[in-house]
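Got a structure for you, written out below as structure tokens; questions coming shortly.
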Amino acid sequence: MSRAIYPGSFDPVTLGHLDIIKRSSEIFDEVIIGVLNNTSKSPLFSLEERVNMLNEVVSDIPNVKAVSFDGLLVEFAKENDIKVIVRGLRAVTDFEYELQMAQSNRKIAPDIDTLFLTTNIEYAYLSSSIVKEFASYGVDVNELVPELVALELKKKMGIDK
Ligand code: ADP
């Protein structure tokens, strides 16, 4: 059985992420979305909120589930019999960092490969940070994130309509 992990912060999940999730779910038997418990970043949504939102938005994709993890990604992958790490590439600016991560991971875990999916051009500019910035100014983010996330963002920002 082919099992992949799509790791990230997902603070919050966007339609760009969801596009990568759907496409990976067609490539692999099982896709685990690994939500990183990164203590060096201070997220808008708690780890539990991010995992719950992801599980809600992927509830119609049977071979995908979101879980949280901390520590080294490749260790988590090994423990869960995962052989492939999926990452999304939006632009050249993502490339240098992603290449470094992929090569470092391969150094410590030669059995695990990183697979890059290029973004759907429609979402090439989209990031969780942009979404949070827009939402904080009351800009409508309905076309950037799943409906549930847009609602949760409004609650977080104290905008209830
Ligand atoms: P991280 O903090 O690890 O960068 P993110 O949640 O920002 O986590 O992103 C997780 C993954 O999704 C990364 O591989 C990132 O490049 C990818 N990604 C983010 N936004 C998009 C998008 N709009 N289209 C395609 N891939 C994306």
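With the condition kept exactly as written, say whether any residue in region 32-41 is in a loop (DSSP other than H, G, I, E, B) and at pLDDT 95 or above. Quick ask: steps written out before the conclusion?
Filtering region 32-41 for residues in a loop (DSSP other than H, G, I, E, B) gives 37-41.
Okay, now just the ones that are also at pLDDT 95 or above, so none.
No, the conditions are met nowhere in region 32-41.
Assess whether Val84 counts as being touching a residue at least 40 places away in the same chain (Cβ under 8 Å), of a type outside the set (Ser, Thr, Tyr) and farther than 22 Å from Ser129 by Cβ. Before the answer, list the steps.
On the way: touching a residue at least 40 places away in the same chain (Cβ under 8 Å): yes; of a type outside the set (Ser, Thr, Tyr): yes; farther than 22 Å from Ser129 by Cβ: yes.
For Val84, the condition - touching a residue at least 40 places away in the same chain (Cβ under 8 Å), of a type outside the set (Ser, Thr, Tyr) and farther than 22 Å from Ser129 by Cβ - is met.
Would you confirm, using the coordinates I've provided, whether Leu15 is more than 16 Å from Leu117 (Cβ to Cβ) and of a type in the set (A, V, I, L, M, F, W, C)? Walk me through it before giving the result.
On the way: more than 16 Å from Leu117 (Cβ to Cβ): no; of a type in the set (A, V, I, L, M, F, W, C): yes.
Spelling it out, it is not the case that Leu15 is more than 16 Å from Leu117 (Cβ to Cβ) and of a type in the set (A, V, I, L, M, F, W, C).
Counting only residues that are in a helix (DSSP H, G or I) and away from the ligand (no atom under 13 Å from the Cβ), which one in region 43-52 is farthest from Val149 (Cα to Cα)?
Step one: filter region 43-52 for residues in a helix (DSSP H, G or I), giving 47-52.
Checking the rest, the ones that are also away from the ligand (no atom under 13 Å from the Cβ) come to 48-49, 52.
Working: Glu48: 14, Glu49: 10, Asn52: 11 Å.
Looking at residues that are in a helix (DSSP H, G or I) and away from the ligand (no atom under 13 Å from the Cβ), I get Glu48.
Kindly list, by first and then second residue, each pair from a residue in region 41-66 that is closer than 11 Å to Val31 by Cβ to a residue that is open to solvent by 20 Å² or more (accessible area, probe 1.4 Å) and in a loop (DSSP other than H, G, I, E, B), limited to pairs with Cβ atoms under 9 Å and residues at least 6 apart or on different chains.
Pairs found: Asn63/Phe28; Asn63/Asp29.
Given (1) more than 24 Å from Leu151 (Cβ to Cβ); (2) open to solvent by 60 Å² or more (accessible area, probe 1.4 Å); (3) touching a Leu at 6+ places or on another chain (Cβ under 7 Å), where does Ser40 come up short, assuming only one miss?
Answer for Ser40: the failing condition is (3).
For region 56-161, list the helices (runs of 4 or more DSSP H) that sit wholly inside it and hold at least 2 residues that are of a type in the set (A, V, I, L, M, F, W, C), within 16 Å of the ligand (Cβ to nearest atom) and open to solvent by 80 Å² or more (accessible area, probe 1.4 Å); which are they? It would help to see each step written out before you state the result.
Values: elements: 73-79, 92-108, 128-136, 147-156.
Because the criterion is at least 2 residues that are of a type in the set (A, V, I, L, M, F, W, C), within 16 Å of the ligand (Cβ to nearest atom) and open to solvent by 80 Å² or more (accessible area, probe 1.4 Å), the helices (runs of 4 or more DSSP H) in region 56-161 that meet it are 92-108.
Specify the residue that is most open to solvent (accessible area, probe 1.4 Å); the eligible residues are those in region 1-37 that are away from the ligand (no atom under 11 Å from the Cβ) and more than 20 Å from Lys83 (Cβ to Cβ).
Lys22
Conditions first: (1) farther than 23 Å from Ala91 by Cβ; (2) part of a loop (DSSP other than H, G, I, E, B); (3) modelled with pLDDT of 95 or more. Phe10 passes all but one, so which condition is the exception?
The single condition Phe10 does not satisfy is (1).
The values are calculated or read from the model by the stated rules, or taken from the named source; none is laboratory data. Note that this is a predicted model, so its numbers are computed, not measured. When we count neighbours, we look across all protein chains shown, and the Cβ atoms used for this are built from the backbone with ideal geometry, even at glycine. For accessibility, only protein heavy atoms count, side chains too; no ligands or nucleic acids. Shrake-Rupley method; radii C 1.70, N 1.55, O 1.52, S 1.80 Å.
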